[in-house]
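The values are calculated or read from the model by the stated rules, or taken from the named source; none is laboratory data. Just so we're clear, the structure is a prediction, and the values are computed from it rather than from any experiment. Counting neighbours? That spans all protein chains shown, and the Cβs are built from the backbone with ideal geometry, glycine included.
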Amino acid sequence: MKITGLTINCLEYQQAFWMSSASANQVYNNRFCIVVRVMTNEGIVGIGEADYPGGPPSSVIAVLEKELGPSLIGRNPLDIQAIWDDMYYMHIQHSRVGIHMHAISGIDIALWDIAGKVAGLPCYRLWGGHHNVIPAYSSGGMYYGLPGENPDGMMGMEDEMALTKRMGFRGYKMKVGKPTLTLQQDIARVRYARESLGPEADIMVDANCTWDLPRAYAYLPYLEELGVKFLEEPFQLNCPQSYKALAGQTRIPLAGSENESSIYGFRELMDAGVYFVQPNVCRVGGPTNMRRILTLIDLNERVFAPHAWSSIICMTADMHLMGTTRRHYMLEYDINPSAFREELITDPYPFQNGSYTIPDRPGLGLELSAKTLEKYTVYRAEVRL
């Protein structure tokens, strides 16, 4: 079997609302998704996704189209580790993290999809997994609206609480730290979530790397009082000393980091006290590197809580990886309507009472909707033999 081509589709859709996180300099209402397909001479096609680093996705697309894609042509798609090593070392002198790892991720996910299809096994079973029911939590609590429209940060909260309960989620994650809100206004949002969902629900908060230690210390008494399950990304990645200091001052476990793409960075975060470890399979180099990170999580007795603020492809790869370990938390589920979750595939995984069930289909078990690809594609590229 040989790889004969690579197809890249950059998708974009406009949401019906505007939103921002604590770290965003401006509000936005568009979402992107980079779908990667690897073609073979036997007609088997692998599906993957590459994330983009918070800005225009053109940089990741360029790496896929101009550098990594051409290097795949003629290779055996089952030589996954050799291909991964070659892609990684192609850029090791200038980029062991960031856009190159994002690009590698899309290809690596697609290669594992092919491997599962060749073996006739779902990916989680190909990797020796032992369970296929994956609980999820709702992830929302963004700061919605245009500037000035949401002065207390409460816009959308009531609807998200109702949807979280209706779909059977056992946890809810929300943003904290918007500079335009006072501490008391922000804490009022967390209190509202706790009172709405009750004492048994997990409430998580995400500061999106915007705090320093004094600000974190100001929030801690209130977050501890409200029984927050974890505090996600309070600081920038290059501040392990801050993570370590904060971990020693609170009983709230720390979480991170979707923005890390190196196994060495995750080791540093765990050494600094991060307990809920949050790699994104579309950013860390795909399942090949994610499984190394899983081993590190197991050795350090941490909890795997993958980041999945992306399409159903990313979510699905995460589910299969979660099916290989008992040291996992719940799957992140973007509570907002998402065309890249609801429309991108033709046969969604069963979802009931806040949990997904991985079906017994080979590979990732996904079939892309040609209609959706055509509808949302804003850029398409092919690399061919």
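Points to keep in mind about this one:
- Look at (1) touching a strand residue (DSSP E or B) at 6+ places or on another chain (Cβ under 7 Å); (2) in a helix (DSSP H, G or I) and you find that Y137 fails only one, number (2).
- One residue from V281, V277 being crowded, with 24+ Cβ neighbours inside 10 Å and closer than 24 Å to S369 by Cα: V281
- The range 203-216, residues that are in a loop (DSSP other than H, G, I, E, B) and either at positive phi or among the basic types (K, R) (or both): N208, C209
- Matching residues in the range 119-142 - criterion: being surrounded by fewer than 18 Cβ atoms within 10 Å (Cβ to Cβ) and either touching a helix residue (DSSP H, G or I) at 6+ places or on another chain (Cβ under 7 Å) or of a type in the set (A, V, I, L, M, F, W, C) (or both): A119, L121, V133
- Evaluating W112 against the criteria (1) buried (at least 19 other Cβ atoms within 10 Å of the Cβ); (2) at pLDDT below 95; (3) of a type in the set (F, W, Y) leaves one unmet condition, (2).
- Residue satisfying condition, being modelled with pLDDT of 95 or more and surrounded by 15 or more Cβ atoms within 10 Å (Cβ to Cβ), within set S71, S20: S71
- Residue match in the range 101-117 (condition: in a loop (DSSP other than H, G, I, E, B) and either assigned by TED's automatic domain parsing to the domain that holds R380 or in contact with an Asp or Glu (Cβ under 8 Å, 6 or more places away or on another chain) (or both)): no
- Y192 fulfils the conditions (1) crowded, with 21+ Cβ neighbours inside 10 Å; (2) over 22 Å from the mean Cα position of the chain (by Cα); (3) among the aromatic types (F, W, Y) except for a single criterion, (1).
- Filtered residue count, the range 163-212, keeping only those that are farther than 19 Å from A308 by Cβ and either modelled with pLDDT under 95 or not basic (K, R) (or both): 26
- Selection status of E260, buried (at least 23 other Cβ atoms within 10 Å of the Cβ) and either touching a residue at least 60 places away in the same chain (Cβ under 8 Å) or outside the structural domain of R302 (by TED's automatic domain parsing) (or both): yes
- Of all residues in the range 104-160, none satisfies the criterion of being more than 18 Å from the chain's Cα centre (by Cα), more than 24 Å from I335 (Cα to Cα) and among the hydroxyl-bearing types (S, T, Y).
- Residues (within 21 Å of G256 (Cα to Cα) and of a type outside the set (A, V, I, L, M)) located in the range 137-174: Y137, S138, S139, G140, G141, Y143, R170, G171, Y172, K173
- Just one of the listed residues (F235, F230) is among the hydrophobic types (A, V, I, L, M, F, W, C), under 24 Å from T295 (Cα atoms) and in contact (Cβ under 8 Å) with a residue 24 or more places away in the chain, and it is F230.
- Residue list for the range 27-63, restricted to those being out of contact with any His (no Cβ under 9 Å at 6 or more places or on another chain) and β-branched (V, I, T): V27, V35, V36, V38, T40, I44, V45, I47, I61
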